[in-house]
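The next block holds one structure in the form of structure tokens; read it before the comments.
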Amino acid sequence: MNENNIRGGYRIYCLMHFFILFAVLVKAQGLFSPRILHAQLKESTAVQSKVTLLADQVKDQDDLCIWVHPADRGSSTIITSDKEAGRIFVYDLEGQLLQEIPVEKPGNIDIRQGVKLHGKPIDLVAVNNRHGDFSLVVFQVDPKTRKLARIDTGISTGPNYGGCLFHSRKSGKLYFICTSKPGMIQQYELTVSGKNRVKGEMVRQWKIGKSEGAVADNARGLLYIGEEEKGVWMLGAEPDSPTPGELVVRVGENGITGDIEGLALMQQEPGKSTLIVSDQGTSRFLLFECNKDHKYLGNFKIEGAKNTDGIEFMSGRFGPQFPAGLFGCHTDTDRCAILLSSWKDIAEHLKQSVGSNDINSK
């Protein structure tokens, strides 16, 4: 063997030992572990919000819903609930305050438009009230003024913490599902009382763990409820559906640490939906395909959004800042603003960072 071959063999020997030593160090330090890679992904997917909703009286806005203007989506409004200020706030899409209404301790707020409760379609907003003996508060939206008027008769509930509305395609009936800290879930049917006022009657209840966030898929007749330390339950939203349903998203999987907070749905096309989940423990928003397996699609962060509670999504064009839908979320910083982001920006970030082609930015 000549001298050149000996030198070449020695170089190969040294390189092999270098890579073995490097691999040992990598394993010891966890440099390429899923946990570290996940952290890198989280940092790379932050999206800048477009509008901040923060009225002077705000103390802790932790949930919102979106009222869509019937003729001009650019004139739509964001309705937020603030349990510490004891207020409901109504904003335009530029962040200007249009109205504030006193409610003792409002929790989760939701909306259904075009509901026929007394012969003609109206737009209803409902929020659980955590004050005193617990109740539901219901408002009607005036499309001309974009303001709310209270129309409930005083609807008492069991201990409530959050919840959502469900408008049945099967029967046309409207329901509010109350979640709670003790984990008792109660479903109330909302009907018209005298003088076009709204009353409520409990139609079923069941028990899970501590829960707040919930969202209903009207088209599919399904209900998703976030049990904070366990995951997301899916079950039928009709009052005769079996309970508690199936745990389709689990804490401990896909990097979810808990607690599970806000839930929202993307209705991409008929029969196809995507579930958005706020994981407060990591300040991330995770997306799951609403099918048999609830396939994980990816995650994103909003710049400045920390320990997020309520979230909301609405598709369609809402003016130049939101050309393909808007995403709103609470942030647990300072006085807890609501941040509005362009879904087009989020979808483009998802495509670049996680290679997801399942999220449409149009």
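Key figures
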quantity	calculated
Only one of VAL203, VAL137 that is touching a residue at least 24 places away in the same chain (Cβ under 8 Å), of a type in the set (A, V, I, L, M, F, W, C) and either surrounded by fewer than 22 Cβ atoms within 10 Å (Cβ to Cβ) or part of a loop (DSSP other than H, G, I, E, B) (or both)	VAL203
Where a residue in segment 171-184 is more than 17 Å from ALA237 (Cβ to Cβ) and its partner, wherever it lies, is among the aliphatic types (A, V, I, L, M) and assigned to a loop (DSSP other than H, G, I, E, B), with Cβ under 8 Å and at least six apart	GLY183/ILE208
The lone exception for ILE311 - which of (1) buried (at least 17 other Cβ atoms within 10 Å of the Cβ); (2) farther than 28 Å from ARG87 by Cα; (3) in contact with a Gly (Cβ under 8 Å, 6 or more places away or on another chain) it fails	(2)
Residue ID - surrounded by the most Cβ atoms within 10 Å (Cβ to Cβ), chosen from residues in segment 110-123 that are within 22 Å of ASP309 (Cβ to Cβ) and touching a residue at least 60 places away in the same chain (Cβ under 8 Å)	ASP110
Residues of segment 233-252 classified as touching a Phe, Trp or Tyr at 6+ places or on another chain (Cβ under 8 Å) and part of a loop (DSSP other than H, G, I, E, B), total	5
Flag if PHE285 is within 12 Å of the chain's Cα centre (by Cα) and either among the hydrophobic types (A, V, I, L, M, F, W, C) or not in a loop (DSSP other than H, G, I, E, B) (or both)	yes
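Matching residues to (1) in contact (Cβ under 8 Å) with a residue 40 or more places away in the chain; (2) assigned to a strand (DSSP E or B); (3) surrounded by fewer than 19 Cβ atoms within 10 Å (Cβ to Cβ):
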position	(1), (2), (3)
VAL277	yes, yes, no
LEU297	yes, yes, no
ASN307	no, no, yes
ARG317	yes, no, yes
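Where a number appears in this text, it was derived from the coordinates with a stated rule and is not lab data. Note that the structure is a prediction, hence the values are computed from the model and not measured. Heads up, the Cβs are rebuilt from the backbone with ideal geometry, glycines too, and the neighbour counts pull from every protein chain shown.
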